[in-house]
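Working notes for the structure below.
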Amino acid sequence: MGNQGLQLDLEEILAKAVNGLKPDRREVLFILNLVERDAIEKLFQAARALRNHYFGSKVYLYGFIYFSTYCRNNCTFCYYRQSNKVSPRYRKTRKEIIEAALKLTESGIHLLDLTMGEDQYYRNVHFEELIGTIFEIKEQTGLPLMISPGVVPRDVLKEFKQIGVDWYACYQETHNRELFKRIRLNQSYDERLNLKYYAHELGMLIEEGLLAGIGESTEDLYHSFEVMDSISADQVRVMSFVPQKGTPLEKLQPIPRLREMLVIAVMRLLFPDKLIPASLDVDGISGLKQRLNAGANVVTSIIPPDRGLMGVSQSTLDIQEGGRSVDGIVPILEECGLTPASPRDYATWVEKQKTNLLKIM
């Protein structure tokens, strides 16, 4: 039957998915290996149809504040690994963090993502200082908050919840345990995963994330989808690996971005009512449209200029020019037939998701 037969199979898979029957393992592996442009476009159309069914044309916008680039870890893929001598280091003051949060809030974002490396300054004696800063941000902005601090003690995570933090993000990057060991040196796969379970027990929403292009197989990706489902992740994401200067993977050849787009689309088929980000942190503003067209419904890594804040995969791309701003992304949303949600829309989704979480815990 050749390609025509494969095309007919794909159409059947997608028709079932749009009608609520999620693809099985064999079908997911088939989709992840698509190469023909027409077939891929049909996949993306189905992903957009599911997104529109659950979310309409509304897209959520996340402000990003990377307030400390110090980290105790030596992840092989990360620019800010402890032993990297060429990466810029800073630790923003309380005033600087709050001012950046207010600037982002004024711009129209829906959530503030407060991110740091596993900075020993906070881990040793200063978590209370950070908790006080976050409490003030919550008081002044009233916005939903996400905390991305890496692995933290459970009592600290509990305090985050008590002061009003809504989300805990802590990515595995892969759920292949051997690959995890190779990229997250001397870290515990189970400790990282179990903290997400604990966050859910506390009533926080959780985000799980993958890194594409670090040696994972399509089988590994499918296993990750199974884990994401088992932990009931509220937001699932994927980002392409970008080689970082001064790291062991500096010379690893990046894979085509198509893999990331296929994973976004498959996530939409498997998790049709969940949040799936289109990150500005890989290709900047130029890569937003293709991620939205693959089925994403959140724009992340919106960073204000003139604050000295860094990104992660692309530490400076489009930041100072204002490209990674609400004003910079709205025209692209419009090109895709999409529109920013209102802050109330997003807050309502978060509260509904929390209510649903209480029912299953």
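Counting neighbouring beta carbons within 10 Å and listing from fewest to most, the residues His223, His200 come out as His223, His200. Where both bridge residues fall in the chain, DSSP classifies roughly 5% of the beta bridges as antiparallel. Helix-derived [θ] at 222 nm for the chain: sum -39500 (n - 2.57) over DSSP H runs of at least 4, divide by residue count, nearest 500? For the chain, the value works out to -14000 deg cm²/dmol.
Relative to the longest principal axis of the Cα atoms of the chain, the long axis of helix 218-230 lies at roughly 60 degrees. In this simple spin-label approximation, Glu106 and Asp345 carry label points 7 Å from Cα along the Cα→Cβ vector, and these lie 2.4 nm apart. Each Lys or Arg adds one and each Asp or Glu subtracts one; over the other residues with Cβ under 9 Å from the Cβ of Thr76, this totals +3. What does a probe at Asp155 reach in the stretch 115-136, counting residues whose amide N is under 15 Å from the point 7 Å along Cα→Cβ? The answer is 123-129, 131.
Listed by Cβ neighbour count within 10 Å, with the fewest neighbours leading, Leu112, Leu14, Leu34 appear as Leu34, Leu14, Leu112. According to a simple spin-label model (label point 7 Å from Cα along Cα-to-Cβ), what is the distance in nm between Lys85 and Glu36? Label at Glu36, label at Lys85, 5.4 nm between them. The residues Asp155, Asp345, when put in order of fewest to most other Cβ atoms within 10 Å, stand as Asp155, Asp345. Here's the picture: charge each Lys and Arg Cβ at +1 and each Asp and Glu Cβ at -1 in the chain, and of Tyr60, Tyr122, Leu211 the one pushed furthest to the positive end of that dipole is Tyr122.
Counting only residues at least eight positions apart within a chain, or on another chain, the lysines with an alpha carbon under 29 Å from that of Lys161 are Lys58, Lys92, Lys95, Lys103, Lys138, Lys196, Lys274, Lys352, Lys354, Lys359. Partnerless cysteines in the chain, where a partner means another cysteine C-beta under 4.7 angstrom, comprise Cys71, Cys170, Cys336. Once R0 is set to 30 Å, what does the formula 1/(1 + (r/R0)^6) return for the Cβ-Cβ distance between Tyr197 and Glu139, expressed as a FRET efficiency to the nearest 0.05? The formula returns an efficiency of 0.55 here.
Here, each number is a calculation from the coordinates, and none is a lab measurement. What you see is a predicted model, and the numbers here were worked out from it, not measured in a lab. Because the Cβ atoms are built from the backbone with ideal geometry, glycine has one as well, and the counts that use them run over all protein chains shown.
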